[in-house]
Amino acid sequence: MTDERISELRKEWEAEEKIAHIHGWDFSHIHDRYEEEDDLPWDYKKIIDEYLLPDMKLMDFDTGGGEFLLSLEHPYQNTAATEGYPPNVELCKETLAPLGIDFRACDDESNIPFDDSSFDMMINRHGSFDPVEAHRLLKPEGLFITQQVGSKNDRDLVEMVLLDEPMPFPDLELSIQRQKFEEAGFEIIRAEEVFRPIRFFDIGAFVWFAHIIEWEFPGFSVDKCFDKLLAMQEIIDRDGKVEGTIHRYLIVAKKK
């Protein structure tokens with residue numbers, strides 16, 4: 001690799017680093033530059049649709065910018081949501097509240113500002129959760145449906161750029177979380193766990209991604225990891241992609 005190309009790559013990657021931010025949960029900036037979650041053995045939205053009826057009270061905890069929640073097209077008067085990340089809180093106030101959705105700012109999964117037995121269904125996609133608090137909020141026979149990022153998510157990618165970085169959420173394993181739901185008073189209706197590929201087709205997309213997912217890549221920067229990024233670039237030059245592994249699990253639990 002020539003010095004000129006190395007210099008060009010540094011400039012490209014530093015430009016991606018500079019603009020790395022997120023509005024809601026929008027990864028369109030790297031659309032077509034990476035792939036993940038296109039081959040999960042379940043369809044989270046379809047699973048929710050199997051159980052969700054129009055007259056049910058639905059709550060989405062950690063809704064992000066509300067994009068997924070709105071895709072469900074549930075009657076707004078029967079819909080509630082929470083979010084704790086300040087930029088997304090403001091976004092939800094602008095987009096969800098005017099529709100009549102009961103939106104409340106909340107960053108504590110163990111202290112959610114709704115009354116006991118308020119909901120027929122709670123959903124949570126890639127957010128934090130507390131089975132005990134979910135049990136309090138759900139009506140009898142109410143459902144909690146979650147798709148989660150597991151503890152081993154992207155670990156091979158992390159190890160490509162950072163040394164000896166501990167897993168940020170080691171308890172996010174299906175076996176551990178299933179037991180916690182059962183101890184909280186839930187019956188497990190469905191539980192699955194998978195590992196699937198994540199692929200990047202240019203390192204600039206990976207740089208942007210690593211800055212957005214900062215809890216998995218703490219302390220990552222182009223300057224700090226430049227030599228390792230060059231090694232990843234050589235893999236792309238050879239194979240057309242650099243590949244890691246995502247870790248996902250699904251739980252559908254019913255309040256006893």
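Nothing in this text is a laboratory measurement; each read-out follows from the coordinates by a stated rule. All figures in this text were calculated on a predicted structure; none of them were measured in a lab. Ideal geometry is used to build each Cβ from the backbone, glycine not excepted, and the neighbour counts take in all protein chains shown.
With respect to (1) loosely packed, with under 15 Cβ neighbours inside 10 Å; (2) under 24 Å from A253 (Cβ atoms); (3) not aromatic (F, W, Y), the lone exception for I47 is condition (1).
Residues are listed down the side, and each one gets a yes or a no for (1) over 25 Å from I213 (Cβ atoms); (2) free of Cβ contacts under 8 Å to residues at least 60 places away in the same chain; (3) in contact with a strand residue (DSSP E or B) (Cβ under 6 Å, 6 or more places away or on another chain); (4) among the β-branched types (V, I, T):
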residue: S118; (1), (2), (3), (4): yes, no, no, no
residue: G127; (1), (2), (3), (4): no, no, no, no
residue: D130; (1), (2), (3), (4): no, yes, no, no
residue: R136; (1), (2), (3), (4): yes, yes, no, no
residue: D154; (1), (2), (3), (4): no, no, yes, no
residue: P170; (1), (2), (3), (4): no, yes, no, no
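Can you find even one residue in the stretch 95-107 that is within 20 Å of the chain's Cα centre (by Cα), within 30 Å of L230 (Cβ to Cβ) and not small (G, A, S)? The answer is no; no qualifying residue exists.
Under the condition of being over 13 Å from P197 (Cβ atoms) and in contact (Cβ under 8 Å) with a residue 24 or more places away in the chain, which residue from the stretch 238-255 is surrounded by the most Cβ atoms within 10 Å (Cβ to Cβ)? Let's see the steps before the verdict.
As a first pass, look at the stretch 238-255 and keep what is over 13 Å from P197 (Cβ atoms): 238, 240, 249-255.
Checking the rest, the ones that are also in contact (Cβ under 8 Å) with a residue 24 or more places away in the chain come to 240, 249-255.
On the way: G240: 9, Y249: 20, L250: 19, I251: 24, V252: 21, A253: 28, K254: 19, K255: 23.
If we take residues in the stretch 238-255 being over 13 Å from P197 (Cβ atoms) and in contact (Cβ under 8 Å) with a residue 24 or more places away in the chain, then A253 is surrounded by the most Cβ atoms within 10 Å (Cβ to Cβ).
Please go through (1) part of a helix (DSSP H, G or I); (2) of a type in the set (D, E, K, R); (3) under 20 Å from I246 (Cα atoms); (4) touching an Asp or Glu at 6+ places or on another chain (Cβ under 9 Å) for D26 and return the number of the only condition it doesn't satisfy. With (1) part of a helix (DSSP H, G or I); (2) of a type in the set (D, E, K, R); (3) under 20 Å from I246 (Cα atoms); (4) touching an Asp or Glu at 6+ places or on another chain (Cβ under 9 Å) applied to D26, the lone miss is (1).
Of all residues in the stretch 219-253, count the ones that are closer than 30 Å to D120 by Cα and out of contact with any Phe, Trp or Tyr (no Cβ under 6 Å at 6 or more places or on another chain). I'd like the intermediate steps shown before the answer.
Of the residues in the stretch 219-253, the ones closer than 30 Å to D120 by Cα are 247-253.
Of the ones still in play, those that are also out of contact with any Phe, Trp or Tyr (no Cβ under 6 Å at 6 or more places or on another chain) are 248-249, 251-252.
Qualifying residue count for the region: 4.
Just one of (1) under 30 Å from E234 (Cβ atoms); (2) touching a residue at least 12 places away in the same chain (Cβ under 8 Å); (3) surrounded by fewer than 17 Cβ atoms within 10 Å (Cβ to Cβ) fails for I30. It is (3). Meeting the requirement of 2 or more residues that are buried (at least 21 other Cβ atoms within 10 Å of the Cβ) and out of contact with any Pro (no Cβ under 9 Å at 6 or more places or on another chain), the strands (runs of 3 or more DSSP E) wholly within the stretch 97-181 are 119-125, 138-149.
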